[in-house]
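Take a look at the structure below.
The values are calculated or read from the model by the stated rules, or taken from the named source; none is laboratory data. All of these numbers come straight from a predicted model, not from anything done at the bench. Every residue, glycine among them, receives a Cβ derived from its backbone with ideal geometry; neighbour counts consider all protein chains shown. Only protein heavy atoms, including side chains, enter the accessible area calculation; ligands, DNA and RNA are left aside. Shrake-Rupley method; radii C 1.70, N 1.55, O 1.52, S 1.80 Å.
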Amino acid sequence: MDGKLHRQVLDTQALPPRERFGMWLDMMASTPTPLRLRTAHADDFVARAEFVDLGRMQLIRYRYPSVDCVRTSKLIQRSDPDYYLLALTLSGTSQADQEGQRARCRPGDLTFYDCSRPHEVSHHADPAGSAYAHSIVALMPYDALPLPPRRLAPLFAGRMSGSEGVGGLVADFLIRITANPEQYHAADAERLGTVGLDLVATLLGRNLVSEDEMPTEVRRRALQAQVRAYVRQHLGDATLDPGAIADAHHISVRSLHRLFEDEETTVAAYIRDERLARCRRDLADPALSDRSIQVIAARWGFRDKAHFSRVFRTTQGETPQEYRARHLESARIVNSTASAVNLSRTY
C-alpha cells in the first residue's frame, strides 16, 4: 500500500445502460441516509460518486443527471439517521426543503440539513451547460459538532455562501480534499477530519448568531480552527511560534495554550508536526528528487539542517536521507512494474 488517502469510486458507466440506475439506487440504499430518487434519466443514468473517509467526516463528490430526492419518515425509521449533511453545489441549481424552510443554491452555495428529519432535495443540471450536476457533501454524526439539533434548527435548509469568509474556507477544503485525495497521507485522515469539522462548526456558529452570543465551545473551536489554518499558511516562516500566532489573533500566549489543553498536542508540537508532514510529502515526491534535503527543510521553516535531521530522526526513526531513498525506491519499483505491464500488453 502507498499510504495515500483512499478514495472509493462508484461509476455507473461500468454497467450496461439499462442497469445503471439500479446500481445507483443500490448505492443510495446502502448509505447511512438513504433517499428515494426520481429522474427523467432512469433508462441510462450516467453518474459517479467518489467517497473519501476522514474519520468522523465522510466526503462524497457527486456527478449525476438531474434528480429529485425525498427522505421520508419511513426511510428514517429504517436507518441510522443521526447525521447532519452539508452540501456544496458545484454546478447546476439545487434546492433543499426541510420543516418549512427552503434554500435555492447556485454554484458556490452551501446548504445544511438534518438527516433525521424528513426533507426534499433536488439538483438539476444547467440546461445551457453540462448534462450533469456536480456537488460535494460532507456527512457528519450529531456528536461530531458542538451544538445540539435544537440550536442548529434555524439553519436547516438554509443557504450559506461558499465563496467568502469561513464559507470560502469550508468550500475550499471540500474541493481540495475530494479533487486530489492522493496528495494526502492515510495517516492524516483523522486529523483532516478534525480540521473539516472545526471549519464546519465555525461556519454554522457564524451563521447562527453573532460572535458575542456564540456558545463558548463554538467560539473556542472556531478560534482553534483559525489558528490551525494560520499555522498551515505560515509554515515556511521560521519565526512562526506561539508568540507570533497569539499576536496575529489578538490573544495572549496563555490563552493560545489553553486552546490546545484538550488536544493531544501543544501549539509548538502542532507547528513541528505540520512542518514535518510537508517535509515527508516532498521527500517522497519523485518530482522533487532534484531538490536538496536542506532546501525542502528550509521551505517548511527548518532553517538549521542539523536541527531538522535530529527532529526528523527522533519522530520517524530514520534520517531524512533514508526516508527519501526508501520512498523513491518504492516509487521506482511501482513505476517500473507498471511500465512492464503496459509494454506486455502492446501488440
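Tabulated results
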| item | result |
| --- | --- |
| Selection from the stretch 43-74 of residues that are farther than 20 Å from LEU199 by Cβ, of a type in the set (A, V, I, L, M) and either touching a strand residue (DSSP E or B) at 6+ places or on another chain (Cβ under 7 Å) or free of Cβ contacts under 8 Å to residues at least 12 places away in the same chain (or both) | ALA47, ALA49, VAL67, VAL70 |
| Residue check, LEU86 outside any loop (DSSP other than H, G, I, E, B) and farther than 16 Å from MET28 by Cβ | yes |
| Number of the exception - ASP26 against (1) free of Cβ contacts under 8 Å to residues at least 24 places away in the same chain; (2) open to solvent by less than 50 Å² (accessible area, probe 1.4 Å); (3) not basic (Lys, Arg) | (2) |
| Enumeration of residues in the stretch 18-36 that are of a type outside the set (D, E, K, R), out of contact with any helix residue (DSSP H, G or I) (no Cβ under 7 Å at 6 or more places or on another chain) and part of a helix (DSSP H, G or I) | PHE21, GLY22, LEU25, MET27, MET28, ALA29 |
| Count of residues meeting criterion [surrounded by 15 or more Cβ atoms within 10 Å (Cβ to Cβ), of a type in the set (S, T, N, Q) and closer than 21 Å to ARG78 by Cβ] in the stretch 29-40 | 2 |
| Residue in the stretch 116-137 that is open to solvent by 30 Å² or more (accessible area, probe 1.4 Å), out of contact with any helix residue (DSSP H, G or I) (no Cβ under 7 Å at 6 or more places or on another chain) and more than 26 Å from HIS41 (Cβ to Cβ) present | yes |
| Residue that is touching a His at 6+ places or on another chain (Cβ under 9 Å) and either surrounded by fewer than 18 Cβ atoms within 10 Å (Cβ to Cβ) or among the small types (Gly, Ala, Ser) (or both), where the choices are ALA186, ALA153, ALA171 | ALA186 |
| Candidate set: the stretch 228-259, residues that are without any contact (Cβ under 8 Å) to a residue 60 or more places away in the chain and of a type in the set (Asp, Glu); chosen: the one nearest to ARG272 (Cα to Cα) | ASP241 |
| Flag for ARG254 being within 25 Å of GLY3 (Cα to Cα), modelled with pLDDT of 90 or more and assigned to a helix (DSSP H, G or I) | no |
| Among (1) at pLDDT 85 or above; (2) part of a helix (DSSP H, G or I); (3) β-branched (Val, Ile, Thr) - the single one THR239 does not satisfy | (2) |
| Whichever residue in the stretch 1-36 is under 26 Å from the mean Cα position of the chain (by Cα) and among the acidic types (Asp, Glu) and, among such residues, is farthest from ALA179 (Cα to Cα) | ASP26 |
| Leading residue by the ranking (farthest from GLY55 (Cα to Cα)) among those in the stretch 190-210 that are assigned to a helix (DSSP H, G or I) and of a type in the set (Ser, Thr, Tyr) | THR202 |
| Of all residues making up the stretch 231-263, the number that are among the hydroxyl-bearing types (Ser, Thr, Tyr) and under 26 Å from ARG299 (Cβ atoms) | 1 |
| Spans of strands (runs of 3 or more DSSP E) in the stretch 108-174 with at least 3 residues within 20 Å of GLY196 (Cβ to Cβ) and in contact (Cβ under 8 Å) with a residue 24 or more places away in the chain | 109-114, 133-141, 158-161 |
| Subset tally (residues that are in contact with a helix residue (DSSP H, G or I) (Cβ under 9 Å, 6 or more places away or on another chain) and either basic (Lys, Arg) or open to solvent by less than 20 Å² (accessible area, probe 1.4 Å) (or both)) for the stretch 285-314 | 11 |
| Filtered residue count, the stretch 140-150, keeping only those that are of a type in the set (A, V, I, L, M, F, W, C) and either touching a Cys at 6+ places or on another chain (Cβ under 7 Å) or open to solvent by 10 Å² or more (accessible area, probe 1.4 Å) (or both) | 2 |
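Quick grid of which residues meet (1) open to solvent by less than 10 Å² (accessible area, probe 1.4 Å); (2) among the charged types (D, E, K, R); (3) farther than 21 Å from PRO141 by Cβ:
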position	(1), (2), (3)
ALA42	no, no, yes
ALA47	yes, no, yes
ARG61	no, yes, no
TYR64	no, no, yes
ASP68	no, yes, yes
SER73	no, no, no
ILE76	no, no, no
ASP82	no, yes, no
ALA96	yes, no, no
